[in-house]
Every structure is written in C-alpha cells, then in structure tokens.
Amino acid sequence: MKKFETFSGVAVPFPGHNIDTDRIIPARFLKTIKRTGLGVNLFNDIRYNEDGSEKEDFVLNQPAYRKSEVLVAGDNFGCGSSREHAPWALTDFGIRCVISTSFADIFFNNSFKNGLLLIRVSAEQRDALLEDAARGENARISIDLENQKIVRPDGEEIPFDVDPFRKHCLLEGLDDIGITLQSGEKISDFEAKQKAAMPWMQGARV
Amino acid sequence: MMAEPKTLFDKIWDSHLVEEKDDGTCIIYIDRQIIHEITSAQAFDGLRETNRPVRVPDAHLLVADHNVPTKGRADGIENEESRIQIELLEKNAKEYGLPFIDFLDVRQGIVHVIGPEQGFTQPGLTLVCGDSHTATHGALGALAFGIGTSEVEHVLATQTLLQKQAQNMRITVNGELRPGVTAKDMILAIIGKIGTAGGTGCVIEYAGKAIEDMSVEGRMTVCNMTIEAGARAGLVAPDQKVFDYLAGRPMAPKGAAWEQAVAYWKTLISDPGAKYDIEVEMDAADIEPQASWGTSPEMVAPIGAVVPNPADIDDPAKRETVEGALKYMDLTAGQKMTEIYVDKVFIGSCTNSRIEDIRAAAAVAKGRKVADSVYAMVVPGSGLIKEQAEEEGLDQILIEAGFDWREPGCSMCLGMNGDMLQPGERSASTSNRNFQGRQGPGGRTHLVSPAMAAAAAVTGHLADVRELVDPQAAE
C-alpha cells in the first residue's frame, strides 16, 4: 500500500444521503478478477447514459471535477453490499479521501485497507465543506493526516479524529496481515486452547 | 463477587479474543469462512503475491453463487467473465486444498443458505464471508458478519480479524405476529422504525416471544436484513429449535462431540441484567404485511397504506431524499400501495429462498394464474431445497400457475448473472435491497415477503395476501 501523504486537491460535492455501494459500483462490474481498472465505472449508472455517453449534469463529468481527489458526501455513505470494489473504484478514479458525517461499517474498514482515508466531521462542518466543494477548481481542500486536520480554501482548519492504528498503517503504507502475523504465537496458543476445550469448533470437511 | 452479566455478543466476543492492543483494536479469532466467486479472486492473488499459505484450510468452504446461471447450467456458462470467475474459484480451492462445492453439485446454493444447511454454521462460532448478508448466520447464534476482500485475505492468512468491539443493541419483539404476517414483514417493519443507519456500530440481538416462536428459517430472514439497518451482525440466542435444526447435518458435530457442543450452546444466552447500549421494543401484533415504496429498505409501509407525501417531511434533506426516491420509482404521493402494478416477480435470494418461503409462495399460487402482464420466477436457495420442493410437489403447483422454476443462485437479487430488470421495469421481490439499479439499471424494486410476492404475481399489483388466502386456514 502506498504511504498516505498530505495533499491538496479539488473536492467534489456529493450531497445525497445513504449512497450505497451498488450506486458506487453496480454489481455487473464485479465480474472482474482484478483490483484495478474500476474507476471508469465509478457511479456508472448515474454517470453514463444507456448508450455509454456521459450525462452532462453528473458532477464528475463536469470539467471542474474530472480530477477530484476529495469527495464530500451525505450521511451514511457506503451502505449496503460489502464489495471492496467500491473503494477500489473510488481510488482508481483518483479519490484519496471521503468526508462525511457517517459511513457504513464494512465500507469504512475496506477503505482504510486500500489507502482511502475516510474522515468523519459534524453536519455543520460537512455542509461548509460542501459549499467549498461547490466552487470547483477555485477551491482546493488540503488533507493533512499526520496533523489530523482539513484545511479549507480560506485557510480555516477543521481538526478530525482518526483511529491511531489505522492512521499509523495509512501513513506508513503498512499491510495489516504482516502486523497480525507478528502475533502468530498468540494465535497458535488460542488455537491449542480452543482445540482442547471445544474440539468441534475447528474445521469440518464437506 | 458476582461476575459482570454479559450479553450473548459479549460472550462470543470474549471467547474469541486473541489479543487486545492499547488503543482497543482487537485480534479476534475467526472459526469459519465461506468464500464465493465475486469477492475472493483478489484475496487469493494477494496470498500468492506475498507467498503466504492458508493458515487453517478446513476452516473454509468455497461455493459459487452470485454469478451462476439459473437455467441450463449443465450446458456450461455462456458469459465468459462469469465462467472465468467461477473456474478461478475452483482453481483456488484446489491450489490451497480448501473444501469446495462444485456449482453442479446438488449441495450448491447461496452461501447464506448452505452454511446452515450443511451444519457449517453453528452456535457460538465466529463466521465471516465476503458478503454483507453474512448476518444471516446469527439466527443460529453464531457471531457472523460481512467483510471485504482484504479481510477475506486476512482471514485466509491469519484466521483472525482486526476489530474494535461493537456496541450491544437489543430489539425485543413482544407478543405474537398476526396470521398472514411473516418474518420478512417483521424485519422490514424494524428497519422502517430504526432506519438504515439505526444499527451502525452495533451487533443487534433479537429477542422476545415473537422471535422465540419463530422458526430457525424465519430467524435467518430477520438476521439477514440486519445489515440493512447498518448493524454489523444480528444474533438470536440458540435454543432447542436450533439444536433440532442442526442435528444430523453433514458438518454438525457427531456423537460425544455433539453432546459436548449442545451443553456449551445452552450457555449462549444473555445473562439477566446484561447491559445494552441501545434497546428497542416492539409489539408483534402491530406489524402488518409490508412493502417498500422507495430506494432504501427503510422506505417501507404497511400494504394498506399510501405512498408518503414528501411535503409532510420537515427536514429538508430527508424531504429531498424522499422526493428523489419517488421520482426514481415513478410513484405519486398518496397513491395506494395496492395500486402499484409490477412487471416482474422474484422469489429467491439469501433472505427468502428456503423451503418454507417456497411453501408460502406455493400456498398462494395454488389454483391461481400469474397475471398476463407479469413474469414471475422462483429461484430456490440451494440444490437441496430445490430437490425437497420438488418432492413436495411445490414446483408443479408453481409451474402450473405460470411461475418459472429455476436453478439455485443469487439471481435477480443483484442482477449480475443476467437475471435482471430492464430499465423502467418494476418488481415485487423477496430480496433485501431496493437500491437504485440494484436489480438492473433503471429497475424499480418493491421488497416483500414470499407470500406477498406470490400475491403480486397473481394479481399483477402489490396486494394484501390476507385478502387472497385465509391466513387462519393457511396455518
């Protein structure tokens, strides 16, 4: 995973609530066996017409937002299906950070494992950032994970909370399987104890 | 000193805790994982790239379900991408020596149907799958939740997950469901009440007489849609019904191990006085047959109601969301729910494709005909359910009524195998999500129970099944 570095970029306003992962990437694009290349189908059914041409009124098709790196979203973003194709599609498009009041649990986990930073802010802060984002290329937003702050175009800083372990993994670009395997001995001890006490729990062949 | 009373979730969590880090992040042991073709290819690639083995091969069960054709599958899979994905699942199973069920095997079916059916799902286990409806397995008292592909790889490599402990929420449904009202109506009513983010960050334990009275299959329907309320998992305390359900299943413990297991399973109840972060109580008798009208599972109403009017909503953001949903669904405020006409009816999915669901649909279909304007399909949840339904003659009742009787898989729940709605088409569906485009781009979905779906099929519109079949007589 690439290290997450401080950046400043165009933010796209995406105000609807409960944007589900089917909307982010419809199921028929889940036939891929790769993690890459899904950006072109991000928000596919609201982004393109039936003949494949772009819908002019869709925000990411507008010149100012074609290279957006931050997405400012409505409540409960990423609900529904557990498909990791949703963060894959967002990052493949170029989104590096999503800001909202709340996110669905599975989407939240999936995003951090792919270097996509999700930031929770208050409804007032989110609404202010939506207004910034509405100004398109004229309003770049900076994301500083190290110091846990969002910097608005006018210089105002919005501090945010982030889980220390997730922050560490993102900043260092760490693979958490490697980290967990450092506890391999403890996992083995657990397995030995469970096998002695509840032998039926471990595995069963079809 | 008395030990602190624990919830069922706390008990299962504590018994699987490997390590807790300073910031509260825990390494949790995962006993079982079910793996399907859509969310696993990239996980196995990850293992290969890092040269990591699968830690406990027998802890996994692989089966294809999302992408399989539901007609004529013995002739092979026409869609090349689907075929590659399904073949890759088998190749990965063989390469790593993992238990695998072939898609032509009679035991094949939807992951959340076959886990319990094979006895792979058991009380007190932690069980995961790269699919959000893994919550289903909580009906047997397993702590079960959906994960993404990176976590599928994490479980393959380490047999654990990194998590923080969720909060405890309890939903108590008191009293008895009225005749003609089902588990599906109950969970739709619950989501309508608490909202699509109502359970975020929680594990929901379902309790109360209406849950105790419910079959294990019905509890699966309730737990299945827990994710539509945003919760990580749903749980029901295992009881004699669950033990009877599991006894003799192929992967359930046998002999002395069975006795030992049941003795342990009986301890899996929340202690009196256990604390919940959130408590919700409902009266089962207040629940009517439900149907969704919008583009989120919280947008539901009793079948006797009318489509809501956005003008009645004060919160501007919510009003806008409802306006958008009605526009997408092509519905008018104040329109009677029973005056919504459908083009397709889908009976299936991990929510409602079990034998009692098919029986409920057949009871309505018997002696009736699918309306001329409707195409209706029934997709059993597994090959074994299909076989049982055929032994009971349910397939004949449904076929005679004009339903299409198909082979098991996820099918039109998510429309990725070619079973889908065309733009503008409207369905009555026993599945779990009415999101925009879920069943096909531009498709419009109304979530209902199997009996209500059959009622829509024969009348051509959403209908109160109690007006077609005397619910007292049906029981």
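Some notes on this structure:
- Qualifying residue in the stretch B:358-376 (condition: among the aromatic types (Phe, Trp, Tyr), in the same structural domain as B:Cys410 (by TED's automatic domain parsing) and crowded, with 21+ Cβ neighbours inside 10 Å): no
- B:Ser270 meets the stated requirement of being of a type in the set (Ser, Thr, Tyr) and either farther than 23 Å from B:Arg170 by Cα or not assigned by TED's automatic domain parsing to the domain that holds B:Gly437 (or both).
- B:Val203 being of a type in the set (Val, Ile, Thr), within 14 Å of chain A (Cβ to nearest Cβ), part of a strand (DSSP E or B) and touching a residue at least 60 places away in the same chain (Cβ under 8 Å): yes
- Answer residue from the stretch B:133-151, given it is within 11 Å of another protein chain (Cβ to nearest Cβ) and either farther than 20 Å from B:Ile171 by Cα or out of contact with any helix residue (DSSP H, G or I) (no Cβ under 6 Å at 6 or more places or on another chain) (or both) and is surrounded by the most Cβ atoms within 10 Å (Cβ to Cβ) among those: B:Thr134
- Qualifying residue in the stretch B:141-150 (condition: within 29 Å of B:Val307 (Cβ to Cβ) and not in a helix (DSSP H, G or I)): no
- Going through (1) touching a residue at least 24 places away in the same chain (Cβ under 8 Å); (2) away from every other protein chain (no Cβ under 11 Å); (3) farther than 22 Å from B:Gly440 by Cα; (4) surrounded by 15 or more Cβ atoms within 10 Å (Cβ to Cβ) one by one, A:Asn61 falls short only on (1).
- In the stretch A:27-54, the residues that are in a loop (DSSP other than H, G, I, E, B), surrounded by 14 or more Cβ atoms within 10 Å (Cβ to Cβ) and over 16 Å from the mean Cα position of the chain (by Cα): A:Thr32, A:Ile33
- If the condition is being touching a strand residue (DSSP E or B) at 6+ places or on another chain (Cβ under 6 Å) and surrounded by 19 or more Cβ atoms within 10 Å (Cβ to Cβ), then the stretch B:309-339 contributes B:Met329, B:Met337.
- A Cβ distance below 7 Å, combined with a sequence gap of six or more or placement on separate chains, defines the contacts here; from the stretch B:5-34, residues that are free of Cβ contacts under 8 Å to residues at least 40 places away in the same chain reach residues that are among the small types (Gly, Ala, Ser) in the pairs B:Glu19/A:Ser183.
- Matching entry among B:Thr221, B:Thr226, B:Thr182 (being farther than 18 Å from B:Val448 by Cβ, of a type in the set (S, T, N, Q), in contact with a helix residue (DSSP H, G or I) (Cβ under 8 Å, 6 or more places away or on another chain) and modelled with pLDDT of 95 or more): B:Thr226
Results for (1) among the hydroxyl-bearing types (Ser, Thr, Tyr); (2) facing chain A (nearest Cβ under 10 Å); (3) in contact with a Ser or Thr (Cβ under 7 Å, 6 or more places away or on another chain); (4) surrounded by 15 or more Cβ atoms within 10 Å (Cβ to Cβ), shown as yes or no for each residue.
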| residue | (1), (2), (3), (4) |
| --- | --- |
| B:Leu8 | no, no, yes, yes |
| B:Asp14 | no, no, no, no |
| B:Ile27 | no, yes, yes, yes |
| B:Ile34 | no, no, no, yes |
| B:Ile38 | no, yes, no, yes |
| B:Leu47 | no, yes, no, yes |
| B:Arg52 | no, yes, no, yes |
| B:Pro69 | no, no, no, yes |
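- Residue that is farthest from B:Gly437 (Cα to Cα), among those in the stretch B:402-425 that are of a type in the set (A, V, I, L, M, F, W, C) and buried (at least 21 other Cβ atoms within 10 Å of the Cβ): B:Phe403
- Test: residue in the stretch B:153-163 that is in a helix (DSSP H, G or I), at pLDDT below 95 and in the same structural domain as B:Ala183 (by TED's automatic domain parsing): no
- From A:Phe7, A:Phe43, residue being within 21 Å of A:Ile106 (Cβ to Cβ) and either more than 10 Å from chain B (Cβ to nearest Cβ) or touching a His at 6+ places or on another chain (Cβ under 7 Å) (or both): A:Phe43
- The set of residues in the stretch A:79-102 being in a loop (DSSP other than H, G, I, E, B) and either away from chain B (no Cβ under 12 Å) or on the phi > 0 side of the Ramachandran plot (or both) consists of A:Gly80, A:Gly94, A:Ile95, A:Arg96.
- All positions within the stretch A:65-78 that are facing chain B (nearest Cβ under 9 Å) and either of a type in the set (A, V, I, L, M, F, W, C) or farther than 19 Å from A:Asp45 by Cα (or both): A:Asp75, A:Asn76
Here is a yes/no grid of residues against (1) in contact with a strand residue (DSSP E or B) (Cβ under 8 Å, 6 or more places away or on another chain); (2) under 20 Å from B:Ser15 (Cβ atoms); (3) small (Gly, Ala, Ser); (4) without any contact (Cβ under 8 Å) to a residue 40 or more places away in the chain:
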| site | (1), (2), (3), (4) |
| --- | --- |
| B:Lys254 | no, no, no, yes |
| B:Ala261 | no, yes, yes, no |
| B:Tyr264 | no, yes, no, no |
| B:Asp271 | no, yes, no, no |
| B:Ala274 | yes, yes, yes, no |
| B:Asp277 | yes, no, no, no |
| B:Ala284 | yes, no, yes, no |
| B:Gln290 | yes, no, no, no |
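- Of the residues in the stretch B:97-114, at least one is surrounded by fewer than 20 Cβ atoms within 10 Å (Cβ to Cβ), among the charged types (D, E, K, R), in contact with a strand residue (DSSP E or B) (Cβ under 9 Å, 6 or more places away or on another chain) and without any contact (Cβ under 8 Å) to a residue 24 or more places away in the chain.
- Helices (runs of 4 or more DSSP H) contained entirely in the stretch B:363-475, each with at least 1 residues that are among the β-branched types (Val, Ile, Thr) and modelled with pLDDT of 95 or more: B:383-391, B:394-401, B:450-459
- Residues located in the stretch B:240-276, provided they are of a type in the set (A, V, I, L, M), in a helix (DSSP H, G or I) and buried (at least 19 other Cβ atoms within 10 Å of the Cβ): B:Val242, B:Leu246, B:Ala261
- Odd one out for A:Lys186, checked against (1) in contact with a helix residue (DSSP H, G or I) (Cβ under 7 Å, 6 or more places away or on another chain); (2) within 7 Å of chain B (Cβ to nearest Cβ); (3) charged (D, E, K, R): (1)
The values are calculated or read from the model by the stated rules, or taken from the named source; none is laboratory data. Just so you know, these numbers come straight off a predicted model, no measurement behind them. FYI the Cβ positions are ideal-geometry reconstructions off the backbone, even for glycines, and counts take in every protein chain you see.
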